[in-house]
Amino acid sequence: MKPPSTPVSQREGETPRSMSLLFVSLVAAAVLASGLVQASMLLARSADAALTCGPSWQSVPLPSGLRYPQALAPIAANDIWVVGNSHPSISADIAAAHWNGSSWALFSPPKPRTGDDEVTSNELNGADGVASDDVWAVGTYSAGNSTTKTLVEHWNGRTWQVVASPNAGTNTSNMLTSVDAVSGTNAWAVGSSWTSPSSGTDAVRKSLIERWNGTSWRVVKSPNPASFGNSLLGVAATGPNDVWAVGWKISDQGLQSLILHYDGTAWTETAAPTVGTGGNVLTDISAVSANDIWAAGYYDDGTQQKTLTLHYNGNSWSSVPSVSGGDGVSILMDISAFSPSDAWAVGFEYRDSLKHYVPTTQHWNGSTWDAVRSAISSKDVYEGAMYSVAKVPGSSQVWAIGQPQDAEVICPSASTSQVSLEPSIFWSKVSTSLLPWRTARAKEGGT
């Protein structure tokens, strides 16, 4: 099944979890009793006593309580966070796993306080951190029959805590999809808000940008250039006065990439190249410097969806060819750039010979994007997708996460290193019947 040619999120009255088809704007408590159960933790087990980090992707099994990983936040080789949900269902609780260099510990971040209403759904879509005691995770939640609201969680080195976050407008639904922390007093989160059709007007999605100033989150005015809908899926900053956000917009001209830039004073739209014969969507962005920035997603070309990679050289954005499969659907969900000759992008593609989707990763070497086979896709038996990729600061390690319940590590530019894995409880794989278009909730998709 292919992603629809218009954003699923434009369907009136649908919440992110009710969207059952994959679109990457689009694609895309508790395991324990208490939200503050950091003292009670589960550890993941590997069949091997040690895992080799070398030039090929190697699996690092996640805890069974984090079956729906969505985003990575690496601080150091012994300090890596993965956030997501305990299970890909509408009522699943949010979950987080921490890698200490040898094993995973499972945490259950607290649910928001909602008075008498019970939290009926919550999800974490993005994560980032600047220190071991300063990590952010963002998403959305709903309680009772109310509209969905922004969700922001913070790790202070001891516990996860809900941090108050504003919502745009009144009687609107809100969600956050991505976060980038510049410093302890400067972080940005992006997403979208939309009105309910019950208000008597068509539901129109608008861009949502929020900023952390060290004390509180506040909504920052953002452009909405398209008449039918605007949404942000990724954010990246090179400094306090140079921040970028990407997503999609839809109008009479169709579905197009949306690129916004903050110069320290205001957010403005920046022209994006159009690729292919149909819609263009950007799912993520990553910055090496002010003149070396990458964005990724996909575009329609006839009846096919192909990977989309754009590069900014300090003056303008241009399209750079990237690897697409030959069977009709190739989507990039995330991108991370580390130097002019080192960047990674991950996603999924359909394999007609297998009759299902498989996770994909590809690497930029300074001149071309080349496909690199993931560990889980090498088995050719699992329906899956990669959702997030990130490099560990001060290390050659690059990590990627996705479905089915998959974490992988690769060290392509350094001599082989050993990552010790402590024994612990048995890890069981999530059911392979969970299809990408049903499980890829982050970025506005999902069941």
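Things worth noting here:
- A single member of 207, 216, 198 is at pLDDT 95 or above, surrounded by fewer than 24 Cβ atoms within 10 Å (Cβ to Cβ) and among the hydroxyl-bearing types (Ser, Thr, Tyr), and it is 216.
- Top-ranked residue of region 351-366 - restricted to ones that are out of contact with any Ser or Thr (no Cβ under 8 Å at 6 or more places or on another chain) and either under 17 Å from residue 313 (Cβ atoms) or hydroxyl-bearing (Ser, Thr, Tyr) (or both), ranked as surrounded by the fewest Cβ atoms within 10 Å (Cβ to Cβ): 353
- Listed conditions (1) modelled with pLDDT of 95 or more; (2) over 25 Å from residue 86 (Cα atoms); (3) in contact with a Gly (Cβ under 9 Å, 6 or more places away or on another chain) are all met by residue 417, apart from (1).
- Of the residues in region 328-337, none is surrounded by fewer than 24 Cβ atoms within 10 Å (Cβ to Cβ) and among the acidic types (Asp, Glu).
- For beta carbons closer than 6 Å, sequence separation of 6+ or different chains, a first residue in region 57-73 that is under 24 Å from residue 180 (Cα atoms) and a second that is part of a strand (DSSP E or B) and charged (D, E, K, R), the qualifying pairs are 73/128.
- Answer residue from region 301-328, given it is more than 19 Å from the chain's Cα centre (by Cα) and of a type in the set (A, V, I, L, M) and is nearest to residue 359 (Cα to Cα) among those: 323
- Qualifying residue in region 133-143 (condition: more than 22 Å from residue 405 (Cβ to Cβ), over 17 Å from the mean Cα position of the chain (by Cα), modelled with pLDDT of 95 or more and not hydrophobic (A, V, I, L, M, F, W, C)): yes
- Here residue 59 clears all of (1) among the polar types (S, T, N, Q); (2) in contact with an Asp or Glu (Cβ under 9 Å, 6 or more places away or on another chain); (3) modelled with pLDDT of 95 or more except the condition numbered (3).
- Residues satisfying the stated conditions in region 377-404, i.e. in a loop (DSSP other than H, G, I, E, B) and either touching a Gly at 6+ places or on another chain (Cβ under 9 Å) or closer than 10 Å to residue 358 by Cα (or both): 380, 381, 382, 383, 384, 404
- Within region 310-366, being at pLDDT 95 or above, in a loop (DSSP other than H, G, I, E, B) and of a type in the set (A, V, I, L, M, F, W, C) holds for 320, 323.
- Scanning region 97-107 turns up no residue that is in contact with a strand residue (DSSP E or B) (Cβ under 8 Å, 6 or more places away or on another chain), polar (S, T, N, Q), more than 18 Å from residue 159 (Cβ to Cβ) and modelled with pLDDT under 85.
- Contact annotation: residue pairs with Cβ atoms under 7 Å, 6 or more positions apart or on different chains, pairing a residue in region 287-301 that is buried (at least 21 other Cβ atoms within 10 Å of the Cβ) and at pLDDT 95 or above with a partner that is among the polar types (S, T, N, Q) and not in a strand (DSSP E or B), are 300/5; 300/277.
- If you check 63, 69, 112 for being touching a strand residue (DSSP E or B) at 6+ places or on another chain (Cβ under 7 Å), under 30 Å from residue 394 (Cβ atoms) and in a loop (DSSP other than H, G, I, E, B), only one passes: 63.
- When residues of region 131-166 are limited to those that are of a type in the set (A, V, I, L, M, F, W, C) and in a loop (DSSP other than H, G, I, E, B), the one surrounded by the most Cβ atoms within 10 Å (Cβ to Cβ): 163
- Looking at 225, 166, just one residue is over 20 Å from the mean Cα position of the chain (by Cα) and under 27 Å from residue 95 (Cβ atoms), and that residue is 166.
- Selected residue (criterion: farthest from residue 189 (Cα to Cα)) from residues of region 108-129 that are modelled with pLDDT of 90 or more and among the polar types (S, T, N, Q): 108
- Among the residues of region 277-309, none is identified as in contact with a His (Cβ under 8 Å, 6 or more places away or on another chain) and not in a strand (DSSP E or B).
- For region 219-255, a residue qualifies if it is among the acidic types (Asp, Glu) and surrounded by 17 or more Cβ atoms within 10 Å (Cβ to Cβ), and exactly one does: 242.
The values are calculated or read from the model by the stated rules, or taken from the named source; none is laboratory data. Computed from a predicted model, the values in this text were never measured in an experiment. Positions of Cβ are generated from backbone atoms using ideal geometry, with glycine treated the same way; all protein chains shown enter the neighbour counts.
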